[in-house]
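Q: Right, I'll just put the structure down here and ask away after.
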Amino acid sequence: MIASGEGAWVTDEDGNRYLDGVSSLWCNVHGHKHPAIDQALHEQVDRISHSTMLGLSHRGAAELAGKLVEVTPDGLDRVFYSDSGSTAVEVALKMAFQYWQLRGGQHVRRASFICLEDAYHGDTVGSVSVGGIDLFHSTYGPLLFESRRAKPGDLDDIARLLATHEEEVAAVVIEPLVQGAAGIKLQPPGYLREVRDLCDRHGALLICDEVATGFGRTGSMFACEQEEVTPDLLCLAKGLTGGYLPLAATLASEEIYETFLAPHEEFKTFFHGHTYTGNPLACAAAIATLETFEQEKTIANLQPKIDLLSELLAEIAEMPEVEEVRQCGFMAGIDLGEHPPAERMGHQVVLEARGRGAIIRPLGDTVVLMPPLAINEVELERLLTITRSSIRAACRGSVSRAGQRAAALLDGPLSEAA
Ligand SMILES: Cc1ncc(COP(=O)(O)O)c(C=O)c1O
């Protein structure tokens, strides 16, 4: 039971402190209880906490939209708000679909999507339809629309799908550079750029889901920048508010936006609006988050920490218990190889780490590290030291006293959720 947090640390109700090794589910950026974000929220509470974006707007939403257009790749000039990564993707899928319907004629046949195997784009039914993780998604098969899945990193495969179904593909959906929930799986350099070119060649839109990779996580503000790619639709959430509040944005090109413009009675409207869309508190946190990127030179200061993380991971990669280590910027996956599911090896490592003062999470038998960008070098070394000894202890087969203590704390219905 987490009671408070500060910087890269969280504290539980018994006063135990833990390093937040996964940024409170990949979203915290500048640390917990950041003074500038806290202050922006206090000031916003004193004005208004919520008003609707349906038929109205507010200064924070407009200001944030302007800032997002500035910081994202050139060519994304329009912003649509929602509340989570899943809804940011849902919005992008619906926009892409409706865009082709509105274009009319032959274009209405462009009604399907290409995604990647092992993809994760969220838990709503549309985003699950372009997902590819059986454990999370297969149960819902009958509810989903059909998408075509390309082998990640295999350009020939995606080229083949685009060529074979040229006039049916509305968009390619992709997590750029790295597939997070798949287990931090990296794409080869140049892959994203080539996918962009293939989409152009075959007339399909490109949707980049930067819900996980956005806001510095891969070492640049957005992963797309590293391959000089501008998608037609860009999905943002998680780090958008610094990890403070639920807010998402789907950015679109002017061309897509203009296709939806018409007199009311033509009903070209994008009928999609959530109650808390563009919530003023969340927008205030997001503006303060973007300002903090500038003031603290977060991206520039991150580079030495990424190098340090690489050095520390290299030591972990040498461990006999570790099969492979994968890193993209400040996202890392430590693959423990295949263990019988009942052993829950990734989970055991997490319990060991909890007993040693770090919160980390597994994806199956891959241990994920994704600390807040604001973590300092000393804390980063400590996180990696804890991770190393936790892997060793868990893989030795006997759960240590630290692990037992953590397991006892989680006893009962909470243990599964851990
Ligand atoms: C790439 C990607 N897209 C979408 C999502 C869904 O985001 P949310 O949990 O905010 O709905 C996630 C969540 O981990 C993600 O990693």
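The values are calculated or read from the model by the stated rules, or taken from the named source; none is laboratory data. Keep in mind the model is a prediction, meaning the values are calculated, not measured. Neighbour counts run over all protein chains shown; Cβ positions are idealised from the backbone, glycine included.
Q: Can you tell me how many residues within region 356-371 are of a type outside the set (V, I, T), closer than 13 Å to L25 by Cα and not in a loop (DSSP other than H, G, I, E, B)?
A: The qualifying residues number 4.
Q: Still on this structure: I'm checking my understanding of the structure. Among residues of region 78-128 that are free of Cβ contacts under 8 Å to residues at least 40 places away in the same chain and of a type in the set (A, V, I, L, M, F, W, C), which one is farthest from the ligand (Cβ to nearest atom)?
A: V108
Q: Ok, one more. Does R344 count as at pLDDT below 95, out of contact with any Phe, Trp or Tyr (no Cβ under 6 Å at 6 or more places or on another chain) and closer than 26 Å to R17 by Cβ?
A: yes
Q: Still on this structure: Scan region 173-201 for residues that are away from the ligand (no atom under 15 Å from the Cβ) and of a type outside the set (S, T, Y) and report the count.
A: Summing the residues that are away from the ligand (no atom under 15 Å from the Cβ) and of a type outside the set (S, T, Y) in region 173-201 gives 12.
Q: Still on this structure: So which residues in region 54-74 are in contact (Cβ under 8 Å) with a residue 12 or more places away in the chain and either hydroxyl-bearing (S, T, Y) or in a helix (DSSP H, G or I) (or both)?
A: Residues satisfying the conditions are S57, G60, A61, E63, L64, A65, K67, L68, V69, V71, T72.
Q: Restricting to region 275-297, count the residues that are outside any loop (DSSP other than H, G, I, E, B) and either of a type in the set (S, T, Y) or out of contact with any strand residue (DSSP E or B) (no Cβ under 9 Å at 6 or more places or on another chain) (or both).
A: Residues in region 275-297 being outside any loop (DSSP other than H, G, I, E, B) and either of a type in the set (S, T, Y) or out of contact with any strand residue (DSSP E or B) (no Cβ under 9 Å at 6 or more places or on another chain) (or both): 13 in total.
Q: Taking the condition farther than 20 Å from F97 by Cα, within 16 Å of the ligand (Cβ to nearest atom) and touching a strand residue (DSSP E or B) at 6+ places or on another chain (Cβ under 8 Å), does R217 pass?
A: Yes, satisfied.
Q: Now for a different question. Only one residue in A170, A163 is touching a Phe, Trp or Tyr at 6+ places or on another chain (Cβ under 8 Å), away from the ligand (no atom under 16 Å from the Cβ) and either part of a loop (DSSP other than H, G, I, E, B) or more than 28 Å from L336 (Cβ to Cβ) (or both), so which one is that?
A: A170
Q: Also: Give me a count of the residues in region 203-214 that are within 16 Å of the ligand (Cβ to nearest atom), in contact with a strand residue (DSSP E or B) (Cβ under 7 Å, 6 or more places away or on another chain) and assigned to a loop (DSSP other than H, G, I, E, B).
A: 4
Q: Output the residues belonging to region 31-61 that are aliphatic (A, V, I, L, M) and either under 21 Å from the mean Cα position of the chain (by Cα) or surrounded by fewer than 13 Cβ atoms within 10 Å (Cβ to Cβ) (or both).
A: I37, V45, I48, L54, L56
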